[in-house]
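The values are calculated or read from the model by the stated rules, or taken from the named source; none is laboratory data. Worth saying up front: this structure is predicted, and the values here are computed from it rather than measured. Quick reminder, even Gly has a Cβ in these numbers, built from the backbone with ideal geometry, and neighbours come from all protein chains shown. Remember, those area values only see protein heavy atoms, side chains included, never the ligands or the DNA or RNA. Shrake-Rupley method; radii C 1.70, N 1.55, O 1.52, S 1.80 Å.
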Amino acid sequence: IIMRLLPYSAFANYDARLAGTSTSTPSRTPPDIALSVVRAVTTTLHFILILILVLPTPANAWSGPPPPSPSPAAAAKRHSQHRSTVCKGDETPDHCYNNRSRRRDVLRGIATTSFGLLVGGSGGGGTSIAPAAAATKTATPSSSSKKIYEPAPSSLNGKTILITGGTSGLGLESAKRLSAAGATVVITARTQAKGLGAIGTIQRHLADRSIDNPSVYSLPLDLDDLDSVRSFPQRYRALPLGGAAQHVSTGTFAPIDVLMNNAGVAAIPQREITKDGFERTFQTNHVAPFVLTSLLFPYLNRKGEGCRIINVSSYAHELATLTNNQRGLDLNNLNGDVDYSGAGWPAYCRSKLENVLFTNELQRRADAAGLDWLTTVSLHPGRVATDIWRATYFGTDRRGGISDDKGGEAQTPRLQTFLSDIFYNSILTVEEGANTQVMLASRGEPEGSPVKGQYYDYNMRIKKTMNGFAKDESAARSLWERTEQLAGIEFRVE
């Protein structure tokens, strides 16, 4: 874990790395050392906490004041759920659960969080996680050390940018900056209420900067429901972009200049099946974006600078594993039928590899068809303080104190809150994490840079070395064909 956490800062010059000019391992600068110390302390706390947890401790020692006593019905339910726990003769089932099973849950939570750190997962701004008891913490932006990419004012006037999952995290942050640069921004949301709330947040962001851009819209889209995906083009067509309803048949619709497939899910502990019959991570992160991109293909801008499709992936794609423990895409386990374990992280890794392969295959087919106007690109935003960590120990209180009889939220243990604060302040802020996708959406890469089909890292630079399985054309082609078959569509790149 130490070796995995330190490379971002301990073994390279921070400024040279961001500038892309480092050719050898330079001496460490003060920012490097500071970041290294933070990560070293965090890792040390992992081990100290584990040692504490394996020793006998009084019940509720981490939770401060004792929680309210549950009702007899709640106690019986909890006891039946944990009937395999062996209690001492003088221990009640609840006392035994609080004292022992809580330690086991915390250990499981630490293991889940550690695996999330290893995969470098970040998920998009609309990332949805399994239901949790408490709200997600937000990292406090650092002051002078942050490097935030912001497009020049008015540089995106006349551009239309569609962002899935634009109500929180990276998607919302991207919408803020792109609309501030003058773009017409359309975000998607699961509900109308969330969409309107996000628009309000974006408009307040613009007002704080004395920017007037009323062209920010929200449309409902549920990636867990392919019916919602299939009907999305109709909702887009009805938007009054440019002051009048759009009509594809007459060519009066506003073409999409950037399609940012940003929404996704991660860390779903138990395998969930959508109404369409797919494992939820597989559908939300790959099948639905595939179908959506196919249906919106006629709406993409084919003139001028053309259109960019930006797929938010993750470093986690490098940890996608076959059943024989070799790295790569397991085409026999796309839907998690063969194996679904690891608190949902392996499924997440697999879906992020699918994002990369989908990007590669779409660009290959576009090039073969002579569609010079289309550019597809995937990226890793970094380890970012989005709600992807919400189901992990450091992200929120999954167990904490005992809920009240009315199902109220449990209190977060003080130690967990303390460690969560350290954790969130040792990874990238949402503002930092959105840099790469904002830069790509605004065409801010160096002039002449080969963007088509590339994979960008969190530092806004092309990742020059990719594992062979992430460039496997045969796997990409098979994934494309299998997805068409499963979704019942034909994605015509023409």
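Nonpolar atom fraction for the range 195-316, defined as the carbon and sulfur part of the 1.4 Å probe accessible area, stands at 52 percent.
What does the accessible area per residue of the range 413-494 come to in Å², with a 1.4 Å probe and no ligands, DNA or RNA counted?
Working: 3910 Å² over 82 residues.
It amounts to 48 Å² per residue over the range 413-494.
In terms of packing, defined here as the mean over residues of other Cβ atoms within 10 angstrom, the peptides 209-221, 312-324, 178-190 line up highest first as 178-190, 312-324, 209-221.
The residues packed around GLU279, meaning those with a beta-carbon under 15 Å from its beta-carbon, carry a net charge of -2 if Lys and Arg are +1 and Asp and Glu are -1.
Please report, in debye to the nearest 20, how large the charge dipole of the range 290-354 is about its Cα centre when each Lys and Arg carries +1 at its beta carbon and each Asp and Glu carries -1 there. If you can, show how the numbers build up before the last one.
Values: 6 positive and 6 negative charges, 76 e Å.
I would put it at about 360 debye.
Amide H contacts under 5 Å for VAL265: SER128, ASN285, restricted to partners 5 or more places along the chain or on a different chain, H placed in the peptide plane at 1.01 Å from N.
TRP373 contributes an accessible area of around 40 Å² to the protein surface, as traced by a 1.4 Å probe with all chains present.
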